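Single-structure report; data block below.
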Amino acid sequence: MATDFKSIPLIDISPLLEKWDHPNIAQDEGVAQVVKQLNQACREAGFFYVKGHGIPVSLMKEVKSITREYFHQPYEEKIKIKLSAATGYRGYQRVGENITKGIPDIHEAIDCYREVKHGMYGDLGDVMQGSNIWPSNPPNFKPLMEEYIDRCTDLSRKIMRGIALALGGSADLMEGEIGGDPFWVLRIIGYPAASISNGHDKAENDVGCGAHTDYGLLTLVNQDEDIVALQVRNKSGEWISAPPIPGTFVCNIGDMLKILSNGIYESTLHRVINKSPKYRVCVAYFYEPNFDAAIEPLDMCLQKTGGTKNFEGAVYGKHLVSKVTTNFVM
């Protein structure tokens with residue numbers, strides 16, 4: 001239920017991380033304060049920054065640095081890991097190959113997903129079957145990204161425990177059949193510098209990523225620290241900038257959490273426009289439900305919203321496949 005927010009809140013989640021597995025987590029005063037802030041942010045904006053998250057800033061910077069190094073290679077090198085249906089939609093796509101609502105996005109990217117082995121989810125998993133294809137250059141790209149994915153998965157699970165408490169449930173509400181075996185997505189993205197013609201900025205034609213919502217539960221965005229490009233739409237339709245705050249992640253909730261909360265929490269539209277004369281990189285980690293989870297509004301959220309389902313249920317993997325197979329020009 002987004003509001004006319006004008007800025008995105010910053011939350012220090014360190015008290016939550018200190019007590020995330022404590023049996024009396026909900027009674028802890030520090031945790032209660034974090035939970036209150038999470039609830040307010042998810043209700044009002046669907047976006048928030050987190051600090052005190054425990055992931056080394058040095059790792060966050062290294063991930064962005066190696067991303068820039070990869071994208072600055074010749075096209076012939078990058079295309080060696082080209083994305084296709086045969087790769088399970090994993091790999092590299094060049095500028096303009098990603099589509100948002102029918103319009104090409106001005107970015108290049110590497111798409112990565114949790115490994116899906118043959119028969120893992122029956123017919124549901126066939127489209128996403130495969131392992132990630134990592135570049136050989138830079139040589140340490142794969143181990144660095146895999147360490148980063150592991151850390152983001154762990155952090156996201158802990159934040160989701162806080163969000164579960166914020167909705168009024170137990171800390172493990174989002175685990176088990178919903179997210180006990182979570183799927184994940186990683187998009188490693190590069191946005192070209194703004195076009196300059198006759199001294200005039202033509203950024204209006206340089207939409208790096210069109211307006212969209214995310215698909216899963218929670219997104220962690222690790223963006224360049226010196227370029228303002230991410231924008232979030234409030235209830236009145238204004239685009240509110242999410243300027244980088246060094247050492248933080250920008251977090252936002254996705255479609256599956258909107259359904260689970262029956263709309264108490266909104267998956268907010270956002271877009272990227274790089275008006276800077278500099279190339280921008282961003283590494284976005286998406287924490288998702290179990291691939292085969294059937295997502296329905298939670299009973300306690302139904303009760304809080306008048307007892308009527310505001311959204312149809314969805315099988316997460318089916319939702320993902322419907323997006324993945326229509327977002328690309330091959």
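The values are calculated or read from the model by the stated rules, or taken from the named source; none is laboratory data. Since this is a predicted model, take the numbers as computed values, not measurements. Glycine also receives a Cβ, built like all others from the backbone with ideal geometry; neighbour counts cover every protein chain displayed. To get the accessible areas, we keep the full protein, side chains included, count just its heavy atoms, and leave off ligands, DNA and RNA. Shrake-Rupley method; radii C 1.70, N 1.55, O 1.52, S 1.80 Å.
A few remarks follow.
- Only listed residue being open to solvent by 20 Å² or more (accessible area, probe 1.4 Å) and of a type in the set (Asp, Glu), chosen from Asp255, Asp299: Asp299
- Among the candidates Ala164, Ala171, residue that is more than 20 Å from the chain's Cα centre (by Cα) and crowded, with 20+ Cβ neighbours inside 10 Å: Ala171
- Scan of the stretch 62-78 for residues that are closer than 21 Å to Gly208 by Cα and either open to solvent by 40 Å² or more (accessible area, probe 1.4 Å) or outside any helix (DSSP H, G or I) (or both), ordered by number: Ser65, Arg68, Glu69, His72, Gln73, Pro74, Tyr75
- Matching residues, the stretch 13-25, being open to solvent by 40 Å² or more (accessible area, probe 1.4 Å) and closer than 9 Å to Gly162 by Cα: Trp20
- In the stretch 79-130, residue modelled with the lowest pLDDT [restricted to those that are among the charged types (D, E, K, R), assigned to a loop (DSSP other than H, G, I, E, B) and more than 17 Å from Leu320 (Cβ to Cβ)]: Lys101
- Condition check for Phe328: aromatic (Phe, Trp, Tyr), farther than 28 Å from Gly190 by Cβ and surrounded by fewer than 22 Cβ atoms within 10 Å (Cβ to Cβ): no
- Among the residues making up the stretch 33-61, those that are in a helix (DSSP H, G or I), surrounded by fewer than 16 Cβ atoms within 10 Å (Cβ to Cβ) and not basic (Lys, Arg) are Gln33, Gln40, Val57, Ser58, Leu59.
- The set of residues in the stretch 242-252 being open to solvent by 20 Å² or more (accessible area, probe 1.4 Å) and either under 24 Å from Ile103 (Cα atoms) or of a type in the set (A, V, I, L, M) (or both) consists of Ile245 alone.
- Some residue of the stretch 148-159 being under 30 Å from Ala193 (Cα atoms) and either part of a loop (DSSP other than H, G, I, E, B) or modelled with pLDDT under 95 (or both): no
- Among (1) surrounded by fewer than 13 Cβ atoms within 10 Å (Cβ to Cβ); (2) more than 25 Å from Thr248 (Cα to Cα) - the single one Pro104 does not satisfy: (1)
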